[in-house]
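Comments concern the structure below.
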C-alpha cells in the first residue's frame, strides 16, 4: 500500500487570480501544502528569511511570465535555486514557447508544463514529477520530437488521468459536479435534471468505484470528498510504470 506524501509548495505567480486558482487546486489534495503565494523573487526571499528551514518549500511553481524574457526567466530559476537549495522547480506557461523551454531547461528546471493541459492534475503532476529529471506536458513533448539528445530528448510526459471504466457517464458527471466543482447535491441536481436524492446515490456509488482502484493510505481525518478528489485527479499508474520500466 502506498503512503501519501506531503510536499510543501511555494507558488511564484504574477497574476493574483491565477495564484488563488492554483492555491485552490492544491488545497484539495493533502499531498501538497501551499506554504506561500509570492509575486516576485523578493517575496520568495522574504519568506525564506522569516521561516525556519523546515518550512522552506520542496517545490516552487514558477509562472513563465514572472520575467520579461526567457533569458531572464532562466536567471530567475537560478536565483530561486540558490535561495532554496535542492528545491524542485516547475515552470508553468500559458502558451508553448520553445525559446523559454530551452532557456529553462539549461537552467536545470525540473519541468516545463502548460497550464491548460494540466488543470486539475496539477497536484498529481507535482507528486509524479519527483521521479524524473525533466517533465513536460504532451504538446511540449510533441514540439520536441526532433530533439535527439540531452534532457529535452529524455523529457517525460505527464500521464493522463487514471481511467475508471466502471463509472457510468452519469455517475462521472455527478462526481465532477459535486467533487471537482464543489457543487451541492441540489445544484448538481438542477444541472443534471434529476433529484438531489439521485445525485447523492450517484456520488455514493462513485466513491465505491473509485475506492476499488486505489490502495493508497490516507490520513485518518481525510473526508470522503477529499479522497474522491485525489482519486479522480490521479494519473494513469500504468503509464508511469511503463516509463520507469523503460528507464530502468
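The values are calculated or read from the model by the stated rules, or taken from the named source; none is laboratory data. Quick caveat, the model's predicted, so the values are computed rather than measured. Heads up, the Cβs are rebuilt from the backbone with ideal geometry, glycines too, and the neighbour counts pull from every protein chain shown.
Quick notes
- Of all the numbered requirements in (1) surrounded by 15 or more Cβ atoms within 10 Å (Cβ to Cβ); (2) modelled with pLDDT of 90 or more; (3) in contact with a helix residue (DSSP H, G or I) (Cβ under 9 Å, 6 or more places away or on another chain); (4) closer than 23 Å to residue 119 by Cα, residue 240 misses one, and that requirement is (2).
- Residue 62 in a helix (DSSP H, G or I) and under 13 Å from the mean Cα position of the chain (by Cα): no
- The stretch 79-89, residues that are surrounded by 21 or more Cβ atoms within 10 Å (Cβ to Cβ) and assigned to a strand (DSSP E or B): 89
- Number of the exception - residue 189 against (1) farther than 30 Å from residue 98 by Cα; (2) over 16 Å from the mean Cα position of the chain (by Cα); (3) in contact (Cβ under 8 Å) with a residue 40 or more places away in the chain: (3)
- From the list 76, 92, 96, 61, the lone residue that is surrounded by 19 or more Cβ atoms within 10 Å (Cβ to Cβ), touching a helix residue (DSSP H, G or I) at 6+ places or on another chain (Cβ under 7 Å) and farther than 19 Å from residue 131 by Cα is 76.
- Tally of residues being modelled with pLDDT of 95 or more and either surrounded by fewer than 19 Cβ atoms within 10 Å (Cβ to Cβ) or in the same structural domain as residue 213 (by TED's automatic domain parsing) (or both) across the stretch 8-33: 1
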